[in-house]
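S.K.: This is the structure I have questions about; it appears just below.
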Amino acid sequence: MKAPKTYSIILMGVAGSGKTTIGKELESLLGYKFHDADDFHSPKNINKMKNGIALTDNDRSDWLAELNDLLIDHEPIILACSALKSKYRYILAKNTKCRFIYLKISINAVVLRLKARSGHYFNTSLIETQFSTLEEPKTCIVIDAEKSVSEIISNIKSKLAYQ
């Protein structure tokens, strides 16, 4: 697949939507370095999420600034980041060239995925908070995240080809 010009790709969506899985697949296809925003959370934020406490905008502010710096310093990259609110997406995109890909999924599908997932600090009690916080983007590539990985990648490739 031909890499999309010179912009970073931000895979966004609720926990369990497949951001990391799809990001790793795109890394090998595009040759861009993949980064998972979860790896940049502070120990304090990780502890809150482990204990089922939703992060506030204040909790996220330094994290989002660090991710924006990453995007600025290492363009183009692939970043998996929930980016649930439009103001979060604004911070991420500030002074960068990026495209958001929204992995849209139902709460029922997320529940099934997260119950099957192990080794991650995200507490499944936060699922409803993710959906209530989500402000669906109005301008981005929207992908049905309930499809198979190969179908999702195919859809992304097709949509990026027209960008």
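The values are calculated or read from the model by the stated rules, or taken from the named source; none is laboratory data. This is a predicted model, so every value here is computed, not measured. Backbone-built Cβ (ideal geometry, glycine too); neighbour counts: all protein chains shown.
S.K.: Out of curiosity, is Thr129 at pLDDT 75 or above and in a loop (DSSP other than H, G, I, E, B)? Steps first, answer last, please.
M.R.: Values: at pLDDT 75 or above: yes; in a loop (DSSP other than H, G, I, E, B): no.
For Thr129, the condition - at pLDDT 75 or above and in a loop (DSSP other than H, G, I, E, B) - is not met.
S.K.: Moving on. May I ask you to say which residue of Gly23, Gly31, Gly13 is over 15 Å from the mean Cα position of the chain (by Cα), among the small types (Gly, Ala, Ser) and closer than 24 Å to Cys140 by Cβ?
M.R.: Checking each option against the conditions leaves just Gly31.
S.K.: Continuing with the same structure: Within the group Asp69, Asp73, Asp59, Asp36, which residue is free of Cβ contacts under 8 Å to residues at least 12 places away in the same chain and either closer than 28 Å to Val149 by Cα or over 17 Å from the mean Cα position of the chain (by Cα) (or both)?
M.R.: Asp73
S.K.: Here are the criteria: (1) out of contact with any helix residue (DSSP H, G or I) (no Cβ under 9 Å at 6 or more places or on another chain); (2) surrounded by 12 or more Cβ atoms within 10 Å (Cβ to Cβ); (3) without any contact (Cβ under 8 Å) to a residue 40 or more places away in the chain. Tell me which single one Ser132 does not satisfy.
M.R.: With (1) out of contact with any helix residue (DSSP H, G or I) (no Cβ under 9 Å at 6 or more places or on another chain); (2) surrounded by 12 or more Cβ atoms within 10 Å (Cβ to Cβ); (3) without any contact (Cβ under 8 Å) to a residue 40 or more places away in the chain applied to Ser132, the lone miss is (2).
Quick grid of which residues meet (1) of a type outside the set (A, V, I, L, M, F, W, C); (2) modelled with pLDDT of 95 or more:
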site: Lys24; (1), (2): yes, yes
site: Ser28; (1), (2): yes, no
site: Asp36; (1), (2): yes, yes
site: Ile46; (1), (2): no, no
site: Asn51; (1), (2): yes, no
site: Thr56; (1), (2): yes, no
site: Asn68; (1), (2): yes, yes
site: His74; (1), (2): yes, no
site: Lys87; (1), (2): yes, yes
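S.K.: Is one or more of the residues making up the range 38-50 under 25 Å from Asn155 (Cβ atoms) and not aromatic (Phe, Trp, Tyr)?
M.R.: yes
S.K.: Out of curiosity, is Thr20 within 24 Å of Ile107 (Cα to Cα), β-branched (Val, Ile, Thr) and touching a residue at least 12 places away in the same chain (Cβ under 8 Å)?
M.R.: Answer is yes for this residue.
S.K.: Next question, about the same structure. Within the range 1-120, which helices (runs of 4 or more DSSP H) (wholly inside it) include 2 or more residues that are basic (Lys, Arg) and surrounded by fewer than 14 Cβ atoms within 10 Å (Cβ to Cβ)?
M.R.: 43-50
S.K.: Have a look at Ile143, Ile53 and point out the one that is more than 16 Å from Thr20 (Cα to Cα) and not acidic (Asp, Glu).
M.R.: Values: Ile143 fails: more than 16 Å from Thr20 (Cα to Cα).
None of the others qualify; the one that does is Ile53.
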